[in-house]
Amino acid sequence: MNPVGREDLVPGKLYYIECMTQDLQSNVIPNVGISTMVGIFIGLKPIYTFSREVWKEAQFKWFDVSKLKCMQHESDAHKHILRDVGLNYLWRFYEVKKFKIQSDMEMRAVNLYLQKIIGDPYFTYPCPC
């Protein structure tokens, strides 16, 4: 899984959320004490610190990753109990590809079936034009 940068997060998409921590040498490493979560990205919210510095907090509606296994479609995420959370810079985000893989596989199956019926091995639905 490739990390997605905080500025590259897309509102409404599902992301795996991993908590990070710093070791004694100030290296950022995964915090194994906190399990991975899944969340729907809402947006970036500016947070003002005591030194008047502006940080951007990543706003999510999150739920436990174990519930992702039962979901058939990405839209099913809204059926779970979602908790609002704002995350600082010690969090890493990864795109959930489970549903894209499933829909690509289904589209390939539909295209193979239609190509067989039509007799045109180059036919694709929907048309990529």
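Please treat every number below as a calculation from the coordinates, not as lab data. Computed from a prediction, not measured in an experiment: that's the story for all the values here. A quick note on method: Cβ atoms are made from the backbone with ideal geometry, for glycine too, and the neighbour counts reach across all protein chains shown.
Once both labels are positioned 7 Å from their Cα atoms along Cα-to-Cβ, the gap between Thr36 and Ile117 label points is 3.8 nm.
Sort region 1-66 into rounded, prolate or oblate with this rule: let a ≥ b ≥ c be the square roots of the eigenvalues of the Cα gyration tensor; rounded if a/c is under 1.5, and if a/c is not under 1.5, prolate when a/b is larger than b/c, oblate otherwise. Judged from the Cα gyration tensor, region 1-66 comes out oblate (a/c at least 1.5, b/c at or above a/b). Panel order for Val10, Val85, by other beta carbons found within 10 Å of each beta carbon, from fewest to most: Val10, Val85.
The residues packed around Ile42, meaning those with a beta-carbon under 9 Å from its beta-carbon, carry a net charge of +1 if Lys and Arg are +1 and Asp and Glu are -1. A simple spin-label model places pseudo-atoms 7 Å from Cα toward Cβ; at Glu106 and Met20 they are separated by 3.5 nm. Between Asp8 and Arg83, the modelled label-to-label distance comes to 2.9 nm, taking each label 7 Å out from Cα in the direction of the beta carbon.
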